[in-house]
Amino acid sequence: MSKTYYDPTDLRKFGKISDWNEELGSKFFDYYNTVFQEGALSEREKSLIALAVAHTIQCPYCIDAYTGDGLQRGITKEEMMEALHVAGAIRGGASLVHGVQMMNKVNKLEG
Amino acid sequence: MSKLKTQSLHKRDSELAKTNKQLEILSNGIFANGELPTFKDKIAESNQFPLKPKPLEILQINVGYMCNQVCEHCHVDAGPDRKEIMTKETMQQCLDVIKSTGAHTLDLTGGAPEMNPNFRWFVEEAAKVGIKDFIVRSNLTIIRANKKYHDLPEFFKKHNVHVVSSMPHWTRGKTDKQRGEGVFDQSIQALKDLNAVGYGMPDSNLKLDLVYNPSGAFLPANQAAMEKDFKKALLEDFGIQFHNLFSITNLPISRFLDFLIASENYEDYMYALVDAFNPSAVANVMCTNTLSVSWDGYLYDCDFNQMLDLKVASKTKHISNYNEEVLQNRDIIISQHCYGCTAGAGSSCQGTVA
Ligand code: SF4
Ligand code: SF4
């Protein structure tokens, strides 16, 4: 067994999850591949959303995958960093907006 | 990516300047220990081994390895320090073949082909043969490099040359990183010069196509999507127009192989190429309809095999005793670099193939 939880080379083996449940595995990958096809949003836009979400959920596999995917699509590092700041802003905002709850509670308790 | 080098591997006396060293790397490691299948085994799975040529369509002539640039990924290992240049005598032998072959496309490449002192004579003579599609691969910056090249757009126009030029990105940062400081601005100016004489304009017969290859250890994305992005950005930012974008995968040889190894990306890149193997791209890889001629007149299955010094496996090995019928019967020489031609939608000097 490897000594760390994450091994970068495991990303290549993602497809193998179907080995233990072919039906659900292939349903998932069909869905996954369809999601990333051009629709109302371009593949490029979807790639940037995926990169931002990858950082939000802090999945190292997804970060690797969508950094590479972005480069392939000609997405610049400036665009990638801006997408990350969107993720950061929403994450930070999500904490701070709960400040209203804190303030409400203080005001209530102090009367 | 590391800082751009200013000398070729040859000049730097790098181990990788030796072609047998490159071939050894491509055959050892992950391909010798069974982690990844060799290209031969992979194409044998779909009964496509040995790889055979179809009737010749494209004659690609490399008129010399000298170049005004030293791009990081260059599979030719070209640069100002390379002195291999095709002589007029070899050019004449090529012209004799061009006259007799059934190929519909003549494709001049380098280095910077324009730096060959007999380039203009060769273009004038070759244009007289009336071949359907006459391509010159121009790196763009050469047009701006020196006054004596400033009239190249007019010269190309006069001989109805189809200009194919490299452009790794529509932003300065990415372009200069791969091709050198200042290359982007010079390329933009050269594209404007070409547009000004009619190249690349909608409905113009003067064809101007761009070649995109990734500026790092990753594969190119969808050609049509990239073309859309390039067209939009170049038009909006600079008012530049062009016809088609060819998306080319970097093959793991020469300076790109050197970069892959130095940046510890070699294994991941080979995995990415093998994972993206597309059996339906094999039938149309470049070597099946193209022959490559080197500056000294030798024949190769493709420009990549030329850079690995893998001459055609045929009795006819030189342009001076060219025999299309004999060449048709050869087996194409392959190695693991060939995975670069079969990844995804495939890759050739004319873009995707599948
Ligand atoms: S990639 Fe083209 S322009 Fe760049 S060094 Fe090689 S031959 Fe010259
Ligand atoms: S590298 Fe050359 S020989 Fe190999 S598949 Fe590509 S075109 Fe053919």
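The values are calculated or read from the model by the stated rules, or taken from the named source; none is laboratory data. Bear in mind the structure is a predicted one, so any value in this text is a computation, not a measurement. Glycine also receives a Cβ, built like all others from the backbone with ideal geometry; neighbour counts cover every protein chain displayed. Surface areas here come from the heavy atoms of the whole protein model, side chains and all, with no ligands, DNA or RNA. Shrake-Rupley method; radii C 1.70, N 1.55, O 1.52, S 1.80 Å.
At a glance:
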| read-out | value |
| --- | --- |
| Scan of segment B:311-344 for residues that are under 17 Å from residue B:39 (Cα atoms), over 16 Å from the mean Cα position of the chain (by Cα) and open to solvent by less than 50 Å² (accessible area, probe 1.4 Å), ordered by number | B:332, B:333, B:334, B:335, B:336, B:343, B:344 |
| Matching residues, segment A:43-66, being within 14 Å of another protein chain (Cβ to nearest Cβ) and surrounded by fewer than 17 Cβ atoms within 10 Å (Cβ to Cβ) | A:43, A:45, A:61, A:64 |
| Matching option when the condition is farther than 30 Å from residue B:213 by Cβ, modelled with pLDDT of 95 or more, away from chain B (no Cβ under 14 Å) and open to solvent by less than 80 Å² (accessible area, probe 1.4 Å), among A:95, A:18 | A:18 |
| Enumeration of residues in segment B:150-175 that are open to solvent by less than 10 Å² (accessible area, probe 1.4 Å) and within 14 Å of another protein chain (Cβ to nearest Cβ) | B:167, B:168, B:169, B:175 |
| Of all residues making up segment B:66-97, the number that are farther than 22 Å from residue B:340 by Cα, buried (at least 18 other Cβ atoms within 10 Å of the Cβ) and within 16 Å of ligand 1 (Cβ to nearest atom) | 8 |
| Qualifying residue in segment B:252-261 (condition: of a type in the set (Phe, Trp, Tyr), more than 17 Å from residue B:304 (Cβ to Cβ) and either surrounded by 21 or more Cβ atoms within 10 Å (Cβ to Cβ) or within 14 Å of another protein chain (Cβ to nearest Cβ) (or both)) | no |
| Every residue from segment B:73-104 that is under 19 Å from the mean Cα position of the chain (by Cα) and acidic (Asp, Glu) | B:77, B:84 |
| Per-region count, segment B:301-318, residues within 16 Å of ligand 1 (Cβ to nearest atom) and outside any loop (DSSP other than H, G, I, E, B) | 4 |
| Residue within segment B:176-192 that is in contact with a Phe, Trp or Tyr (Cβ under 6 Å, 6 or more places away or on another chain), in contact (Cβ under 8 Å) with a residue 24 or more places away in the chain and within 14 Å of another protein chain (Cβ to nearest Cβ) present | no |
| Pairs, first touching a residue at least 60 places away in the same chain (Cβ under 8 Å) and over 15 Å from residue B:96 (Cβ atoms) in segment B:110-130, second open to solvent by less than 50 Å² (accessible area, probe 1.4 Å) and within 16 Å of ligand 2 (Cβ to nearest atom), C-beta under 7 Å, six or more apart | none |
| Qualifying positions in segment B:282-303 - open to solvent by less than 20 Å² (accessible area, probe 1.4 Å) and in contact with a His (Cβ under 8 Å, 6 or more places away or on another chain) | B:297, B:299, B:303 |
| Search result, residues across segment B:212-228 that are within 8 Å of chain A (Cβ to nearest Cβ) and surrounded by fewer than 20 Cβ atoms within 10 Å (Cβ to Cβ) | B:222, B:225 |
| Any hit, segment B:262-275, residues being farther than 26 Å from residue B:77 by Cα and either surrounded by fewer than 21 Cβ atoms within 10 Å (Cβ to Cβ) or in contact (Cβ under 8 Å) with a residue 24 or more places away in the chain (or both) | yes |
| Some residue of segment B:280-297 being acidic (Asp, Glu) and in contact with a Ser or Thr (Cβ under 6 Å, 6 or more places away or on another chain) | no |
| Hits in segment B:11-49 - residues which are farther than 23 Å from residue B:282 by Cβ, assigned to a loop (DSSP other than H, G, I, E, B) and either within 16 Å of ligand 2 (Cβ to nearest atom) or open to solvent by 80 Å² or more (accessible area, probe 1.4 Å) (or both) | B:11, B:13, B:18, B:33 |
| Selection status of residue A:6, open to solvent by less than 70 Å² (accessible area, probe 1.4 Å) and either in a loop (DSSP other than H, G, I, E, B) or not hydrophobic (A, V, I, L, M, F, W, C) (or both) | no |
